[in-house]
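See structure below.
The values are calculated or read from the model by the stated rules, or taken from the named source; none is laboratory data. Here the structure is a predicted model, which is why all the values come from computation and not from measurement. Note that we place each Cβ from the backbone using ideal geometry, even for glycine, and neighbour counts take in every protein chain shown. Side chains are part of the model used for accessible areas, which takes the heavy atoms of the whole protein and leaves out ligands, DNA and RNA. Shrake-Rupley method; radii C 1.70, N 1.55, O 1.52, S 1.80 Å.
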Amino acid sequence: VPAGVQGVEHQGHVYCVRDYRRQASRVCGGCHEPCESTAPRDAVHALDTWWHRRCFNCQTCHQDFPDKSFYVFESRPYCRYDYHRLNQSLCGSCHEPIEGPCAQVYEGRFHPGCFACAHCSCALRDVYYSLDGRFFCEEHVHQHKSHRTANKRQTVFGRI
């Protein structure tokens with residue numbers, strides 16, 4: 001610390017006020033404990049904050065990011081599956097993440113190929129019928145005794 005500049009002691013070291021604030025602001029985004037070292041083997045700087053290497057993982061399942069790719073939801077890192085679960089973009093049929101074309105219906109989101117008639121498995125591309133938690137095409141909904149209670153709905157396609 002140069003003469004005439006106020007110093008602050010922190011963990012056995014003396015810092016000028018500016019450097020002390022910078023050092024003290026190195027709080028891990030995961031555990032909220034100080035990041036003592038910012039060496040690459042010890043810490044990661046991502047999402048505008050420092051993380052202990054052990055804390056920089058999916059914030060739900062805590063799996064590492066082996067290929068160094070991750071998804072961001074509300075400024076926190078997540079694996080692909082947990083991001084899509086939080087973002088409500090898992091397929092309502094196969095429960096896998098949807099990235100790309102998506103059938104968006106009253107009952108949820110689906111991969112276009114997963115949104116199909118429960119009787120004939122044909123893809124439901126336009127009008128569909130919802131009956132007892134299952135989906136039917138116009139041809140096959142009428143084969144059910146309770147077809148009069150089926151809800152006629154429209155399929156909307158989008159992208160996620």
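Of all residues in the range 43-76, those that are open to solvent by 30 Å² or more (accessible area, probe 1.4 Å), in a loop (DSSP other than H, G, I, E, B) and either small (Gly, Ala, Ser) or more than 14 Å from Asn87 (Cβ to Cβ) (or both) total 13.
Consider the range 96-148 and keep the residues that are in a strand (DSSP E or B) and polar (S, T, N, Q). The one that is farthest from Leu86 (Cα to Cα) is Ser130. Restricted to the range 10-33, and to residues there that are hydroxyl-bearing (Ser, Thr, Tyr) and over 19 Å from Arg53 (Cα atoms), the residue that is modelled with the lowest pLDDT is Tyr20. For the range 149-160, a residue qualifies if it is farther than 16 Å from Ala103 by Cα and assigned to a loop (DSSP other than H, G, I, E, B), and exactly one does: Ala150. Screening the candidates Arg125, Arg85, Arg148, Arg159 for the property of being over 23 Å from Glu33 (Cβ atoms), open to solvent by 90 Å² or more (accessible area, probe 1.4 Å) and touching a Gly at 6+ places or on another chain (Cβ under 7 Å) yields one hit, Arg159.
The residue list Cys122, Cys117 contains one member that is without any contact (Cβ under 8 Å) to a residue 24 or more places away in the chain and in contact with a Leu (Cβ under 8 Å, 6 or more places away or on another chain), which is Cys117.
The sole residue among Gln88, Gln104 that is among the polar types (S, T, N, Q) and more than 30 Å from Thr49 (Cβ to Cβ) is Gln104.
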